[in-house]
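The structure appears below as structure tokens.
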Amino acid sequence: MFRLTVKHQTEASFYRPKNARVLPRLSVPKKSITTEQLLAAYWLDGHLQSNSEHCLGERLTAFANERQFKVTDATLAKAEEYLQSELVNEDVEQWVVLISFIAHPHAIWNFMLNAVAFAETEDHLGRIACGLAEILLAHYGSLMPLFEERARKDPKFARMLTGVWRHRMSDEVWMRLRALQAAVELPLSQMIPLENGIDYMAEHLKPDDRSTPDKGRYSRDAAGNWIKKNT
């Protein structure tokens, strides 16, 4: 569950060049989708909704109907509530930027998996790579075992990872990611060439960035559980 009441300065979001190769379309879910699933799919196609003259609730409903999603009124209402936060003002792109920095790392992970499941183009995978996976690995690098396990089982997830750049990843996390990228036969076009070594894109990093895997709003306690830092 996402909580969007925390005021936090986020970094600007950007997306890399698009590639419109179409992936196999996901079959329509047989059960009602969750709010997070709806927003993941809406985000991937969100730019198509931004210029509509209809209100947010009508846009979300029209999107769900067009995709033939089975969605409850409660799910639609919760999605509308999230996007009407004063911090995002109905902008789904800004909402994703916000949660990628302030949400619990497992919530970000689950949202990312939802987005990958709904991804239908290479551009979608690229958006997930730089908008979610890159931030998650930079701020919560100790989650790398989850990425490695998922990449072994899910070829689409593994391909998405080829679009991830370094950002603030520690040296160890970055090199483990590069190993995952090297195993993908058909990487995304924005993948950094594998011949670029550990120091590539590291000139802007502080020593702590390169040595510390976890540097987000949450840290692990002695038992390995995530706890929010006192800020």
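Brief remarks follow.
- Where H104 falls short, out of the listed (1) out of contact with any strand residue (DSSP E or B) (no Cβ under 8 Å at 6 or more places or on another chain); (2) under 19 Å from I135 (Cβ atoms); (3) modelled with pLDDT of 95 or more: (1)
- Scan of region 80-98 for residues that are touching a Gly at 6+ places or on another chain (Cβ under 8 Å) and either of a type in the set (D, E) or surrounded by 22 or more Cβ atoms within 10 Å (Cβ to Cβ) (or both), ordered by number: E80, V92, E93, V96
- Qualifying positions in region 100-121 - in contact (Cβ under 8 Å) with a residue 40 or more places away in the chain, surrounded by fewer than 21 Cβ atoms within 10 Å (Cβ to Cβ) and either aromatic (F, W, Y) or under 16 Å from R220 (Cα atoms) (or both): F101, H104, P105, H106, A107
Conditions (1) touching a residue at least 40 places away in the same chain (Cβ under 8 Å); (2) within 20 Å of A103 (Cβ to Cβ), marked per residue:
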position: G126; (1), (2): yes, no
position: C130; (1), (2): yes, yes
position: M144; (1), (2): yes, yes
position: K156; (1), (2): yes, no
position: R168; (1), (2): yes, yes
position: R176; (1), (2): no, no
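- Residue count for region 130-157 under the criterion of being closer than 15 Å to Q190 by Cβ and out of contact with any Ser or Thr (no Cβ under 8 Å at 6 or more places or on another chain): the result is 3.
- Selection of region 144-166 for residues being crowded, with 18+ Cβ neighbours inside 10 Å, over 14 Å from the mean Cα position of the chain (by Cα), within 21 Å of R217 (Cα to Cα) and of a type outside the set (K, R) yields only M144.
- Contact map, region 23-41: residues that are under 15 Å from E120 (Cα atoms) paired with residues that are at pLDDT below 95 and exposed (fewer than 12 other Cβ atoms within 10 Å of the Cβ), Cβ distance under 6 Å, separation 6+ or inter-chain. Pairs shown: V28/Q68.
- Sole exception among (1) touching a Ser or Thr at 6+ places or on another chain (Cβ under 9 Å); (2) crowded, with 17+ Cβ neighbours inside 10 Å for H124, by number: (1)
- Residue in region 52-59 that is at pLDDT below 90 and of a type outside the set (D, E) present: yes
- The residue list D214, D154 contains one member that is modelled with pLDDT of 95 or more and touching a Lys or Arg at 6+ places or on another chain (Cβ under 8 Å), which is D214.
Residue by residue, here is whether (1) of a type in the set (D, E); (2) more than 22 Å from I108 (Cβ to Cβ) holds:
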residue: A158; (1), (2): no, no
residue: G163; (1), (2): no, no
residue: W174; (1), (2): no, no
residue: P187; (1), (2): no, yes
residue: E203; (1), (2): yes, yes
residue: K206; (1), (2): no, yes
residue: G216; (1), (2): no, no
residue: K228; (1), (2): no, no
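- Exclusive hit being touching a helix residue (DSSP H, G or I) at 6+ places or on another chain (Cβ under 8 Å), within 29 Å of I227 (Cβ to Cβ) and either modelled with pLDDT under 95 or not basic (K, R) (or both), set E149, E172, E134: E172
- Region 197-231: number of residues that are acidic (D, E) and surrounded by 13 or more Cβ atoms within 10 Å (Cβ to Cβ): 2
The values are calculated or read from the model by the stated rules, or taken from the named source; none is laboratory data. These numbers come from a predicted model, not from an experiment. Glycine gets a Cβ as well: all are built from the backbone with ideal geometry, and neighbour counts include every protein chain shown.
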